[in-house]
Amino acid sequence: KNLQDRLGKIKEMYLMVKISELAAQKVKEVQKAQNKENTYLRLYLAGFGCGGPSFGMTLEETKTELDVLDEEHGLSIITASSLSEYLEDAFIEFVENEEGGFFEIRLAKDFSAQGCGTGCGGCGGGC
């Protein structure tokens, strides 16, 4: 068992995208509600603005050879390998508040200054 624990910790260190136990549970609830228990959770690039990349999530039935597969808390998460530089060490959390709850994808790196010129106004908008 000690070896299994050590291997589990090593594997966890190499996950590109991590997910909290609560977020994984909430995704599984969505999968069950939509009769899609055997699907992957895909993270995809939804846009790129002054704040850097924005990512979305969807349920997908298949993965491609270009996808990176991470597994945590019984959930399979796939992302296109081309997004690795943005999603490395990303963390998916489920945030609950008085209005309900939502998923939040937290990136490990700050991309807000890339591709927008200098400063916040470089994209034609204020902050």
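A few notes on this one:
- Reach of LYS36 by Cα under 16 Å, taken over aspartates and glutamates that are not fewer than 8 positions away in the same chain: GLU60, GLU61
- Efficiency of FRET from Cβ geometry, ALA80 and ALA108, R₀ 25 Å, rounded to 0.05: 0.90
- Tensor-based shape of the stretch 18-72 (alpha-carbon gyration tensor, a/c under 1.5 rounded, otherwise prolate or oblate): prolate
- Taking amide hydrogens as placed 1.01 Å from N in the peptide plane, the amide H of GLU72 sits under 5 Å from those of ILE77, each at least 5 positions away in sequence or on another chain.
- Where labels lie 7 Å past Cα in the beta-carbon direction, separation of LYS63 and GLU99 in nm: 3.3
Every read-out reported here was derived from the displayed coordinates using simple, explicitly stated rules and does not represent laboratory data. Just so it is clear, the structure is predicted and the values come from calculations on it, not from any experiment. Methodologically, a virtual Cβ is constructed for each residue, glycine included, from the backbone with ideal geometry; neighbour enumeration extends over all protein chains shown.
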